[in-house]
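Read through the structure below, which is laid out as structure tokens, and then see the notes.
The values are calculated or read from the model by the stated rules, or taken from the named source; none is laboratory data. What you see is a predicted model; the values in this text were computed from it and never measured. Cβ coordinates were reconstructed from backbone atoms using ideal geometry, including for glycine residues, and neighbour counts include every protein chain displayed. The protein model used for the area step is the full one, side chains on, heavy atoms only, and it has no ligands, DNA or RNA in it. Shrake-Rupley method; radii C 1.70, N 1.55, O 1.52, S 1.80 Å.
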Amino acid sequence: RDRSPSRGLGDVYKRQALAGRIHLESGDLTVSKVKMDNIDVNSDAGEVEYRQVTLRGGSTKLSSGNFTGHDLTVQGQYTVNNQSGDNTVTSTTVDGYFLKTEDGDNELNGEDKGEEPLHQNDDAENVLRLITQSGDNEVN
């Protein structure tokens, strides 16, 4: 049993996992230090940022705004699909990547391929897929 005092109603302890759907019509979303288990996040207008998050299945869809991920752990397949904005990921634990843009650049660990899709071990068990129609995908 956890005997530490609660820090408020919005607390999610590290061993707990969030599941379900999140739909944000307007505004920025920041998620940190949790496990997201098959969560589908949909943001109509705003930035989405994940810090120290474990992603187990699910997806994030943005209509207009940038996606930023730092210190992520990907378990299974996770897709970020962005209509208009950049996808930037740093310090991520994952086996493979798939990066695709219609109008922008794909960069994986300093290797810039322009609009050419980038695949790295994308048939592995744990894969992060970054897709944007208008914007850049960058993984470092």
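Structure values in brief
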{"item": "So GLU25, is it at pLDDT 95 or above and open to solvent by 60 Å² or more (accessible area, probe 1.4 Å)", "result": "no"}
{"item": "In segment 45-63, residue nearest to LEU18 (Cα to Cα) [restricted to those that are in a loop (DSSP other than H, G, I, E, B) and open to solvent by 60 Å² or more (accessible area, probe 1.4 Å)]", "result": "GLN52"}
{"item": "Test for LEU128: is it in contact with a Leu (Cβ under 6 Å, 6 or more places away or on another chain) and surrounded by 20 or more Cβ atoms within 10 Å (Cβ to Cβ)", "result": "no"}
{"item": "Residue count for segment 82-105, restricted to those that are crowded, with 18+ Cβ neighbours inside 10 Å, of a type outside the set (Ser, Thr, Tyr) and in contact (Cβ under 8 Å) with a residue 40 or more places away in the chain", "result": "6"}
{"item": "Cross-chain or 6+ apart pairs with Cβ under 9 Å, segment 118-140 first and in a loop (DSSP other than H, G, I, E, B) and among the aromatic types (Phe, Trp, Tyr), then open to solvent by less than 20 Å² (accessible area, probe 1.4 Å) and modelled with pLDDT of 95 or more", "result": "none"}
{"item": "Qualifying residue in segment 132-139 (condition: closer than 24 Å to LEU55 by Cα and exposed (fewer than 14 other Cβ atoms within 10 Å of the Cβ))", "result": "no"}
